[in-house]
Amino acid sequence: MRYFIQYPAGTSDLIADALSNFVDDFSVHYRDDSAMVFDSTSSPEQVARIPFAKNAFVVLTTTPRKSIDQSARQFSGILRRQHFPALPGRTPGFRLMAHIDGELSSLDPGARKDLEKAVSASTGRHVEPRGKCEEYWLIGRLDLDELMFCARLPKPARTKKGRGAVSHELSSMLVLASRPGARDVYLDPFAGSGSFVLSRMDLPAREIIYSDTDLESHRENFPDELAQDKRVRLLSEDALTLPSISDGSVDVIVTDPPWGEYEELPLPYEEFTRAVSDSFARVLDPETGRFVLLCARRGAPTYRTSLESAGLAVDATHEILVNGHPATVFVGGRPSATETGGDRDDDHRTAPPQGPLLVGMSTYRRAMSRFSQ
Ligand SMILES: C[S@@+](CC[C@H](N)C(=O)[O-])C[C@H]1O[C@@H](n2cnc3c(N)ncnc32)[C@H](O)[C@@H]1O
């Protein structure tokens with residue numbers, strides 16, 4: 001089946017690595033900065049569960065790219081002739097949407113009516129302009145020479161994102177990039193609303209440490225599952241010293257330190273990045289410690305120098321946008337760890353080493369399928 005997914009801008013490389021281990025028999029048909037069309041034998045239900053997809057769709061049919069109204073009329077003709085596949089979702093209503101080159105677009109009323117009739121006839125559903133219902137989207141992408149007619153897949157239920165929090169999709173991407181292992185002691189020393197911790201909680205772990213100097217004000221908005229998960233330890237410690245965390249005791253850090261753009265830092269930026277990096281270097285496992293660090297793109301060269309001066313290696317760099325702000329993601333660890341990958345002696349790691357991110361994804365996928373059964 002053919003699928004279309006949208007994801008946070010700039011994470012295309014991470015997604016391409018990750019997807020091949022998340023869905024079966026995967027091949028890319030089209031890809032740009034924030035979306036991908038791919039073929040896979042996986043079911044729509046499986047694709048709907050991809051945690052880092054902002055939206056996921058089944059591509060029902062395509063036409064060569066013409067005007068949106070011409071394409072809509074062509075889709076009506078195709079749908080009258082073509083069998084409509086059974087898809088997840090049981091609501092009796094549906095609505096049409098058009099999303100062309102990244103923006104919502106409108107359809108000529110005649111072309112819309114015609115297409116609505118064709119969808120009704122094929123699915124037995126009625127038009128529902130408001131509220132919860134199935135959505136069929138006409139989608140065009142700037143560099144794709146066809147227009148797609150797609151059915152949107154239901155989104156998994158998720159906890160509401162707190163103010164200032166990184167989105168669930170990006171949080172899961174960053175956690176996945178850390179090659180999570182079932183025996184990890186995981187730390188986010190600048191955990192804020194807990195969005196990375198929540199994503200990490202979807203997976204097996206030995207311990208999940210949340211720390212933030214402002215724990216008390218964030219705690220009020222914690223979802224119940226964060227407060228109740230026995231693996232989670234809550235700390236309110238300065239990330240530059242972390243007095244309760246002993247040397248070399250952490251397997252993996254995924255974090256988003258203050259950017260120094262919206263708040264004052266306790267030290268000049270360069271000194272702050274050095275102190276953060278030294279603190280990572282102290283608490284991370286001396287052989288296999290890994291990290292994923294999200295920072296403002298402006299500050300990335302300074303962070304890189306500081307991380308490397310602290311004896312940590314940057315294995316991959318991704319340029320992304322966070323709420324429209326240019327940001328950089330560093331994926332790395334101890335020089336030996338970036339070659340061998342995490343999860344070193346986990347008994348579920350049966351596959352031969354495939355490259356660091358893929359090992360994490362297999363673990364993730366196994367874990368997710370266990371959770372969703
Ligand atoms: C950019 S925010 C992290 C946002 C988080 N990723 C989220 O999605 O909610 C940075 C966080 O670091 C915390 N913070 C700032 N300085 C700190 C320090 N020295 N030690 C620990 N936490 C600190 C702030 O309270 C803030 O919650």
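Here are the numbers:
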| read-out | value |
| --- | --- |
| Flag if L170 is over 11 Å from V254 (Cα atoms), within 16 Å of the ligand (Cβ to nearest atom) and either outside any loop (DSSP other than H, G, I, E, B) or β-branched (V, I, T) (or both) | yes |
| Segment 231-240, residues that are more than 12 Å from the ligand (Cβ to nearest atom) and either in a strand (DSSP E or B) or buried (at least 17 other Cβ atoms within 10 Å of the Cβ) (or both) | V232, R233, L234 |
| Residues within segment 279-317 that are within 16 Å of the ligand (Cβ to nearest atom) and either touching a Cys at 6+ places or on another chain (Cβ under 8 Å) or under 11 Å from P335 (Cα atoms) (or both), tallied | 1 |
| Exclusive hit being among the hydrophobic types (A, V, I, L, M, F, W, C) and either surrounded by fewer than 20 Cβ atoms within 10 Å (Cβ to Cβ) or near the ligand (Cβ under 9 Å from one of its atoms) (or both), set A205, A151, A165 | A165 |
| Given (1) surrounded by fewer than 24 Cβ atoms within 10 Å (Cβ to Cβ); (2) among the β-branched types (V, I, T); (3) more than 11 Å from the ligand (Cβ to nearest atom); (4) free of Cβ contacts under 8 Å to residues at least 40 places away in the same chain, number of the condition V185 does not satisfy | (4) |
| Test set (1) within 11 Å of the ligand (Cβ to nearest atom); (2) under 21 Å from L293 (Cβ atoms); (3) part of a helix (DSSP H, G or I) - S193 fails condition number | (3) |
| Any hit, segment 222-230, residues being away from the ligand (no atom under 14 Å from the Cβ), of a type in the set (A, V, I, L, M) and crowded, with 24+ Cβ neighbours inside 10 Å | no |
| Residue list for segment 305-319, filter: assigned to a strand (DSSP E or B), surrounded by 16 or more Cβ atoms within 10 Å (Cβ to Cβ) and not small (G, A, S) | V314, D315, H318 |
| Tally of residues being more than 10 Å from the ligand (Cβ to nearest atom) and either part of a strand (DSSP E or B) or within 28 Å of the chain's Cα centre (by Cα) (or both) across segment 241-259 | 5 |
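Every number in this text was worked out from the coordinates using simple rules, so none of it is lab data. Since the model is a prediction, treat every value here as computed from it, not as a measurement. Glycine gets a Cβ as well: all are built from the backbone with ideal geometry, and neighbour counts include every protein chain shown.
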